[in-house]
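Q: Here you go, one structure.
Rule-based calculations on the coordinates, nothing more; no lab input. Quick caveat: nothing in here was measured; it's all calculated off a predicted structure. Here the Cβ positions follow ideal geometry from the backbone for every residue, glycine too, while neighbour counts run over all protein chains shown.
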Amino acid sequence: MPPRPQAFTNLAEEKSRKSPKPSNSPSKGRNVSQQPGQLTFVAPRRAKPARHLADLSMADRRAAVTELGEKAFRADQLSRHYFERHTADVGAMTDLPAAAREKLSALLPTLLTPVKELTTDGGTTRKTLWRLFDGALVESVLMRYPDRVTMCVSSQAGCGMNCPFCATGQAGLTRNMSTAEIVEQVVSGARALAAGEVPGGPGRVSNIVFMGMGEPLANYKQVIGAVRRIVEPAPHGLGISARGVTVSTVGLVPAIGKLADEGLPVTLALSLHAPDDELRDTLVPINTRWKVAEVLDAAWSYAARTKRRISIEYALIKDINDQEWRADLLGKLVRNKLVHVNLIPLNPTPGSKWTASRPEDERAFVRRLEFHGVPVTVRDTRGREIDGACGQLAAAE
Ligand code: SF4
């Protein structure tokens, strides 16, 4: 057994005292902070957001338009306005008769209301806190780089996966987001870019990462609907390449298999954060259901079926998971696989006892992975000064 630093020993002891219990019980009404280690898979029952064009396939949109008393082809027109021009204001859709515009506005309800917007990096990183129709809060981030624009979107209000280092996890799960609520985050970014509101001139969203609030695979159906809307060509959807879409997960093994069945070549990002079950049981409580070996097997199957490289996400936490022996263990687990390791210096949540690794430990971790021939990068820490880690803005409201 490799030597354990004091902090890890304390964490393990804390875990054994509190004996985490996975639970399927939905909390009633509002989200409730979870006990350490408790998992919430079933979202609390709440009123659903209004039906929106982006919730529907083109066939369903045509049916919905017909129900409103309009010809089916109006669905195509409406879809072009929304997915190509990013317009949700029917008043601006001058190719539609005035009477039709009024009726069709029922398919474009306002789903997201901006509460706060923070920018950094000269305006090229924009984080938005949104209020949903029922008061739930979610966040999205737009990051413009010289060669791409990435949007990080939320898939749930809150999260039931309870990772103890994460602000969102500490607040528990409020509810699942609808497909259209997820898509709207992307459309809002696309609209701001097209209008030249982001420094660098008019542009387009090229990459989407499901790494905001929530565990995407715990809201499977709505997330897959959103991925389809994102990748389908206009007027069906936004026409963003599936290769630019990354779906992250803490390791819901059955859902990883289902995702591979979808035939969507999106990148799977696996938030591993520890290579050994003992630590991962505590850092990523879903590990009490599916162990490191199972989740990695699911990831390798995903890579084999989709031919997409797995992104292993690993938040480096000082004296907790950043030891060289853990880098060696990780290296042995993932070497010779279709994989890339993405190390993320932890963005500490306020009041947290955990913080980012020392630079020398981070460098040593990278060197050990490189020794095993594993491709590795350290993620840039954009948005750090604007409470960039997911859940921090919402927690402050
Ligand atoms: S790290 Fe991700 S999966 Fe874990 S609690 Fe936070 S949002 Fe949920």
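Q: Lys48: which aspartates and glutamates have alpha carbons under 13 Å from its alpha carbon, excluding same-chain residues fewer than 8 sequence positions away?
A: Straight-distance partners of Lys48: Asp134, Glu181.
Q: Let me ask something else about it. When Val138, Val253 are ordered from fewest to most other Cβ atoms inside 10 Å of their Cβ, what list results?
A: On the way: Val138 30, Val253 18.
Final ranking by Cβ density, sparse to dense: Val253, Val138.
Q: Something else about it: Per-residue ellipticity at 222 nm for the chain, helices alone: DSSP H runs ≥ 4 residues times -39500 (n - 2.57), over residue total, nearest 500 deg cm²/dmol?
A: Details: 13 runs with 130 residues, N = 397.
That calculation yields -9500 deg cm²/dmol at 222 nm.
Q: Continuing with the same structure: Roughly how many whole Å is it from the C-alpha centroid of segment 170-184 to that of segment 294-321?
A: A separation of 24 Å, based on Cα centres.
Q: Pairs to check: Lys127/Lys258; Lys116/Lys353; Lys258/Lys307; Lys332/Lys353; Lys127/Lys221; Lys103/Lys127. Give those whose C-alpha atoms are more than 24 Å from each other in this structure. Numbers along the way, then the final one.
A: On the way: Lys127/Lys258 31 Å; Lys116/Lys353 27 Å; Lys258/Lys307 16 Å; Lys332/Lys353 30 Å; Lys127/Lys221 26 Å; Lys103/Lys127 33 Å.
Listed pairs above 24 Å: Lys127/Lys258; Lys116/Lys353; Lys332/Lys353; Lys127/Lys221; Lys103/Lys127.
Q: Compute from the Cα atoms of segment 110-396 the Rg and the Dmax, the latter being the longest Cα-Cα distance, and quote both in angstrom.
A: 18.0, 52
Q: So how strong a dipole does segment 53-107 carry about its Cα centre when Lys and Arg Cβ are +1 and Asp and Glu Cβ are -1, to the nearest 20 debye? Kindly include the intermediate steps, with their values, before the conclusion.
A: Details: 8 positive and 9 negative charges, 23 e Å.
Taking the Cα centre of segment 53-107 as origin, the dipole is about 120 debye.
Q: Next question. Can you run phi through the Karplus equation (6.51, -1.76, 1.60; θ = phi - 60°) for segment 43-52 and list ³J(HN,Hα) in whole Hz, with x for Gly and Pro?
A: Taking θ as phi minus 60°, the curve returns 5, x, 6, 9, 4, 8, x, 4, 5, 10 Hz for segment 43-52.
Q: Treating only the Cβ atoms of Lys and Arg (+1) and Asp and Glu (-1) as charged, compute the dipole magnitude of the chain about its Cα centre; round to the nearest 20 debye. Present the calculation step by step, with values, prior to reporting the outcome.
A: Working: 53 positive and 42 negative charges, 114 e Å.
Dipole magnitude for the chain comes out near 540 debye.
Q: Hey, another quick one. When a footprinting reagent is the concern and you count Cβ atoms within 10 Å, what order do Tyr302, Tyr314 take, fewest first?
A: Details: Tyr302 21, Tyr314 25.
Lowest to highest Cβ neighbour count: Tyr302, Tyr314.
Q: Now for a different question. Rg to Rh for segment 53-107: what is it, with Cα atoms only and Rh by Kirkwood?
A: On the way: Rg = 9.8 Å, Rh = 10.9 Å.
Taking Rh as the inverse mean 1/r over Cα pairs, Rg/Rh reads 0.91.
Q: Output needed: percent of Cα pairs per 10 Å distance bin for segment 233-291, bins running from 0 to the one holding the longest distance.
A: Taking all Cα pairs of segment 233-291, the binned fractions are 20, 39, 26, 11, 3 percent.
Q: Right, something else. Along Cα→Cβ, 7 Å out, is where each label goes; now give me the distance between the ones at Glu360 and Asp380 in nm to one decimal.
A: 2.8
Q: Related question: Using Cβ contacts closer than 10 Å as the measure, can you line up Cys152, Cys159 from fewest to most? Kindly include the intermediate steps, with their values, before the conclusion.
A: Values: Cys152 25, Cys159 30.
Taking fewest neighbouring Cβ atoms as first place, the list is Cys152, Cys159.
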